[in-house]
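The structure appears right after this line, and notes come after that.
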Amino acid sequence: MKTPILQFKHSVSFSLYAFNAKEVESLHELFKKLSNSITDDGLISKISSPLLSMQEEFQLGLLGSSKMHSLIADRIFTLFDFKRDGKIEFEEFITSLNIFHPNASKEDKAAFMFQFYDTRQNGFIEREEVKEMVMAMLSESDLILSNDIVDRIIDKTFEEVDSRKDGKIDQEEWKQFAIQSPNLLRKMTIPYLMDISTAFPSFTLRSEFKDETLDVRKAFNQT
């Protein structure tokens, strides 16, 4: 059952699907800390100043990384920034975090994952996109896989998911696969969101996606 539209003192009004009013206030405190981690402007910025690298405020605050360039960070920022203005406002922040709530629907989690892999934003996941993201995940982890193993993982992925055998994965194919794959959906869940307080535990979204490379291997029985 959807939570009614709520009004808060920080002037955000929208429909919430998992968080209650107290949790929203706690998340707003977290957002203020993240958004002011480098620039005190109340926004999580992709480019916070000419002297800072792209996404630095976002990466340091939310992803716990100061790496000069991260494809994973760029994709997550893009998905959070659904207004596409290079900034994450509180409404965008909490709406996106809602996807990671344990009570969020499998369909919503699957849809977010589809967008994460659909880097070309053409409505399909293609082999090159999958390989690009897998290689990016590997580069940010301690896991080393040969190019041959990566190709085998991708081959197995398309063999199981691409039911139409047209060389690409559409949203319906992905949804049917993802909602039946607990290991994948588990990486779209942050358990802490079930028990939020103003002293919010430290967590990173980056680890959720980073660990996914291991689960991809398990999901497709690769060794």
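Of the residues making up region 99-117, those that are over 9 Å from the mean Cα position of the chain (by Cα) and aliphatic (A, V, I, L, M) are 104, 110, 111.
Kindly provide the set of residues from region 103-119 that are in a loop (DSSP other than H, G, I, E, B) and open to solvent by less than 60 Å² (accessible area, probe 1.4 Å), ordered by number.
As a first pass, look at region 103-119 and keep what is in a loop (DSSP other than H, G, I, E, B): 103-105, 118-119.
Correct list: 104, 105, 118, 119.
Checking each residue in region 155-210 for being at pLDDT 95 or above and among the β-branched types (Val, Ile, Thr) picks out 161, 169. Screening residue 122 against (1) at pLDDT below 90; (2) loosely packed, with under 15 Cβ neighbours inside 10 Å leaves a single unmet condition, (1). The number of residues in region 69-102 being under 14 Å from residue 35 (Cβ atoms), open to solvent by 40 Å² or more (accessible area, probe 1.4 Å) and outside any helix (DSSP H, G or I) comes to 2. Say we look at region 125-149 and pick out the residues that are assigned to a loop (DSSP other than H, G, I, E, B) and out of contact with any helix residue (DSSP H, G or I) (no Cβ under 9 Å at 6 or more places or on another chain); which of these is surrounded by the most Cβ atoms within 10 Å (Cβ to Cβ)? Result: 146. Taking region 173-195 as the range and being assigned to a helix (DSSP H, G or I), open to solvent by less than 90 Å² (accessible area, probe 1.4 Å) and closer than 17 Å to residue 117 by Cα as the test, the residues that pass are 173, 174, 175, 176, 177, 178, 183, 184, 185.
The values are calculated or read from the model by the stated rules, or taken from the named source; none is laboratory data. Not measured: the values here are computed from a predicted model. Every residue, glycine as well, gets a Cβ built from its backbone with ideal geometry; the counts of neighbours run over all protein chains shown. For the accessible areas, the whole protein counts, side chains as well, though only heavy atoms, and no ligand, DNA or RNA atoms are used. Shrake-Rupley method; radii C 1.70, N 1.55, O 1.52, S 1.80 Å.
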